[in-house]
Amino acid sequence: MIKNITLAETAGFCFGVNRAIELVNSLLDQGKKVCTLGPIIHNEQVVQQLADRGVIIAETPDEVPADHVLVIRSHGVPLPVYKELRQKQLLIQDATCPFVSKIHSIVTNASEKGDIILIAGNSEHPEVLGIKSRCSNAAYTFRDDTELTRLLRNHPELKENSVSVVAQTTFNTEIWKKCLEIFKKDCTNATLFDTICSATQSRQQEAAELSEKCDLMIVIGGTNSSNTAKLFHICSDHCRSVLIQTAADLPVDEVKKAANIGVTAGASTPADIIKEVLSALTDIQNQG
Ligand code: SF4
């Protein structure tokens, strides 16, 4: 029987996502036609709401209609894509999150002076593709401490050259700490830049603390959102956790059996979806 339902203070839209959505909405309010390169955020409901307002999604610069304003999403885009957009003289509004732009400058400067760049993150994630594209020298990615150990073993040159290390903004903070220990022991020549964004750090820390006190954690977010998946893994280390997209996905029988339920949400989860989940949980609680 449910006793407490606790919502994490850091649940939901982060600064960078909020900024991108507000930019799209303000352009639409001004009567502009808007196109995004890929879905603006990893949330089907928000993407659908924007599609209902006429926003179209292009997969490549060639698909962007000339009379549309192209909004670059918070992950940023790879440098060749950015150059192509400029060449086509498209109307561009850049919503790349400043935390991501900061990583772009770090790797651009470090690789120009000859550093090899190591990126902690998912090599297929658009943010990481954007970071890697700005490395004019060699660059490698690693997902976790195991992959880092393997990378250092397979590339002995990394211990003898100048190396700079950055992390995807939403990288798991606990895994990052393990990786830092490896660098301190096995690759002391590396310059380490802690580029996990502050929104991610506080969200992950709160999720860890809350899940320690709960017997069920509800993590709300898109199934293809990497920061939501990381939150889910962090919570799963401490208690039974479920990942849902909307209130309709709540596992009612399981919820009824829990006493202390914690709720958190990824950076692309809008406030109204979080509210719906909370109200569904309260309904289940009231039914006893
Ligand atoms: S998670 Fe961090 S880096 Fe990514 S958009 Fe949000 S604030 Fe920016």
- Which helices (runs of 4 or more DSSP H) does region 135-233 wholly contain that include 1 or more residues that are exposed (fewer than 15 other Cβ atoms within 10 Å of the Cβ) and either within 19 Å of the chain's Cα centre (by Cα) or of a type in the set (A, V, I, L, M, F, W, C) (or both)? 173-186, 198-213
- Working carefully through the options Ala66, Ala51, find the one that is away from the ligand (no atom under 16 Å from the Cβ), surrounded by fewer than 20 Cβ atoms within 10 Å (Cβ to Cβ) and in a helix (DSSP H, G or I). Ala51
- For residues that are among the aliphatic types (A, V, I, L, M) and in contact with a helix residue (DSSP H, G or I) (Cβ under 7 Å, 6 or more places away or on another chain), scanning just region 22-45, find the one that is nearest to Val81 (Cα to Cα). Ile40
- Can we say Asp94 is touching a residue at least 60 places away in the same chain (Cβ under 8 Å) and either surrounded by 16 or more Cβ atoms within 10 Å (Cβ to Cβ) or within 19 Å of the chain's Cα centre (by Cα) (or both)? no
- If you go through region 9-30 one residue at a time, do you hit one that is in a loop (DSSP other than H, G, I, E, B), over 30 Å from Cys235 (Cβ atoms) and touching a residue at least 12 places away in the same chain (Cβ under 8 Å)? no
- Looking at region 110-133, which of its residues are in a loop (DSSP other than H, G, I, E, B) and closer than 18 Å to Thr170 by Cβ? Gly121, Asn122, Ser123, Glu124, His125
- Query: Does region 146-159 contain at least one residue that is basic (Lys, Arg), more than 14 Å from the ligand (Cβ to nearest atom) and farther than 30 Å from Cys235 by Cα?
  - Reply: yes
- Unmet criterion (only one of (1) more than 16 Å from the ligand (Cβ to nearest atom); (2) touching a residue at least 12 places away in the same chain (Cβ under 8 Å); (3) closer than 22 Å to Thr108 by Cβ) for Ala120: (1)
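Throughout, read-outs are computed from the coordinates displayed, never taken from laboratory work. Model, not experiment: these values are computed from the prediction. With ideal geometry, Cβ positions are generated from the backbone for all residues, glycine too; neighbour counts draw on all protein chains shown.
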